[in-house]
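Notes follow the structure.
The values are calculated or read from the model by the stated rules, or taken from the named source; none is laboratory data. Quantities reported herein were computed from a predicted structural model and do not represent experimental measurements. Using ideal geometry, Cβ is built from the backbone for each residue, glycine included, and neighbour counts are taken over all protein chains shown. Surface accessibility is based on the protein's heavy atoms, side chains included, excluding ligands, DNA and RNA. Shrake-Rupley method; radii C 1.70, N 1.55, O 1.52, S 1.80 Å.
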Amino acid sequence: MEAVIQFLFVSFLILLGVIGYRALLKKFQRGQVVHKEFCELYNLDQEPAQGELPFYFVCPEACEVKFAIWQFNQIVCVVAQDTYEKGGHILRFDSTKLANGVYYYGIVTSDQETKKRMTIAN
């Protein structure tokens with residue numbers, strides 16, 4: 001009988017440990033960013049960039065996206081501003097419209113602003 005009580009006590013302690021561990025993990029994850037909820041912007045294939053540039057991004061769900069190009073924290077050009085469906089999208093831009101130099105391209109939604117660096121050398 002005493003062995004059964006010891007077994008139940010040890011089982012109870014293990015169960016409490018598992019519950020405590022899961023609660024601790026949940027607490028630590030509370031402040032972290034869940035990347036799958038945001039649009040993902042990919043790098044350009046060529047650096048320095050020249051000619052027609054294919055900008056590729058993926059939306060986890062339908063959302064309003066503004067795709068722009070910045071220089072010195074000022075928007076130089078708005079490539080597109082539209083509602084995009086869930087999935088991957090390619091926007092093409094003629095880099096000859098810009099002078100040679102360093103620029104940032106990126107997306108702005110209601111929940112995020114993501115930028116990547118590029119060098120234009122036409």
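Put simply, of T83, T119 the only residue that is in a strand (DSSP E or B) and in contact with a Gly (Cβ under 9 Å, 6 or more places away or on another chain) is T119.
Among residues belonging to region 100-122 that are touching a residue at least 40 places away in the same chain (Cβ under 8 Å) and of a type in the set (K, R), point out the one that is least open to solvent (accessible area, probe 1.4 Å). Outline the logic, then answer.
Filtering region 100-122 for residues touching a residue at least 40 places away in the same chain (Cβ under 8 Å) gives 105-112, 114-116, 118-122.
Subsequent filtering for residues that are of a type in the set (K, R) retains 115-116.
Values: K115: 75, K116: 54 Å².
Looking at the filtered set, the residue picked out is K116.
Among the conditions (1) in contact with a Lys or Arg (Cβ under 9 Å, 6 or more places away or on another chain); (2) loosely packed, with under 10 Cβ neighbours inside 10 Å, the only one that D45 does not satisfy is (1).
For beta carbons closer than 7 Å, sequence separation of 6+ or different chains, a first residue in region 84-98 that is within 20 Å of V65 (Cβ to Cβ) and among the β-branched types (V, I, T) and a second that is assigned to a strand (DSSP E or B) and open to solvent by 20 Å² or more (accessible area, probe 1.4 Å), the qualifying pairs are I90/P54; I90/Y56. The residue of region 85-99 that is farthest from the chain's Cα centre (by Cα), among those that are open to solvent by less than 30 Å² (accessible area, probe 1.4 Å) and under 23 Å from C39 (Cα atoms), is F93.
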